[in-house]
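In what follows, a single structure is set out as structure tokens and then discussed.
The values are calculated or read from the model by the stated rules, or taken from the named source; none is laboratory data. Since this is a predicted model, take the numbers as computed values, not measurements. Using ideal geometry, Cβ is built from the backbone for each residue, glycine included, and neighbour counts are taken over all protein chains shown. Note: areas computed on protein heavy atoms with side chains; ligands, DNA, RNA excluded. Shrake-Rupley method; radii C 1.70, N 1.55, O 1.52, S 1.80 Å.
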Amino acid sequence: MSASGDSRSGPSTTVVAVVALALVVALVVLLRGRDDEAAPAADEPELVAAAPLSAPVRLPGPGAYVDAVVQPDGSVDVTHWLRPAEGVDEVTVAAYPTLQVDGPPSVTDLQVQTSLGRVRLPEEPQIGTDPVPVPLLRSSLLVALTYTLEGVTNAEGTVAGRAFVDAVYADVDYVGEQGATRVQVGGRRIESLACLPDPRTLTGQVVCGAAREGGWAVNFTPRQLDAKVVAQVDLGRAQRRNPDAGVSLD
């Protein structure tokens, strides 16, 4: 009887073990599936933790502040701050068409941070003169973009010893954009700035801004949101860092 009893209990024990194993496998698959759904895909932007932003004291509210640093090779490194009146979850970025330089202009090395963290983009966007949407992922009241402008400078310029920079910042827009804008230009010795009320034409171009410690500065009213700034620059002479630039995002 004991032998026949053992033969009956053996298969039932095996069945129970197989069922238990199947349940464990199913549970693992289910949990992995949930994890895959929760985690962002590798080709999607992601909001990651970052040190809190410290905005420049001259950033209007609402409005924008641009710190443009002209490099010896004529490229322009820019930190572009935005303080919207209401939260925004997307901006568009484009290079202004060059009107007095051969170009082609481009925006490179774009990095994005908001009051909620750093936006890690899956790949560097290719940005020319056509607007490219940049997601912020969550609504934010403070945004900082860093980027480099390429193809915007004529190193020979229009005056001996001066280079001509056809734009010192990119065209950055968002829904409901409003407020004043302050632009600070430095890096190399700035000889003068000029402003174009319509970036698509030279009509209305006027000398603007004034020299100040660290470079030249110009202020735009809320009506001048689309204005573009060009500069005459001595690439061979350095200028001190803009003291209003705020905290670096590096």
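Considering Pro56, Pro62, which residue is at pLDDT 95 or above and under 30 Å from Arg223 (Cβ atoms)?
Pro62
If Glu124 passes every condition in (1) of a type in the set (D, E, K, R); (2) modelled with pLDDT of 95 or more; (3) not in a strand (DSSP E or B) but one, which one does it miss?
For Glu124, the exception is condition (2).
Search segment 196-236 for residues being assigned to a loop (DSSP other than H, G, I, E, B) and among the charged types (D, E, K, R), and hand back the single one that is most open to solvent (accessible area, probe 1.4 Å).
Going through the qualifying residues, I end up with Arg200.
Restricting attention to segment 116-129, report how many residues are open to solvent by 70 Å² or more (accessible area, probe 1.4 Å) and touching a Leu at 6+ places or on another chain (Cβ under 7 Å).
Count: 2.
Among (1) touching a Gly at 6+ places or on another chain (Cβ under 7 Å); (2) over 24 Å from Gly87 (Cβ atoms); (3) not hydrophobic (A, V, I, L, M, F, W, C), there is one condition Gly161 misses while meeting the rest; what is its number?
For Gly161, the failing item is (1).
Does Val132 meet the test of being within 19 Å of the chain's Cα centre (by Cα), open to solvent by less than 20 Å² (accessible area, probe 1.4 Å) and of a type in the set (Val, Ile, Thr)?
When the stated conditions are applied, Val132 does not pass them.
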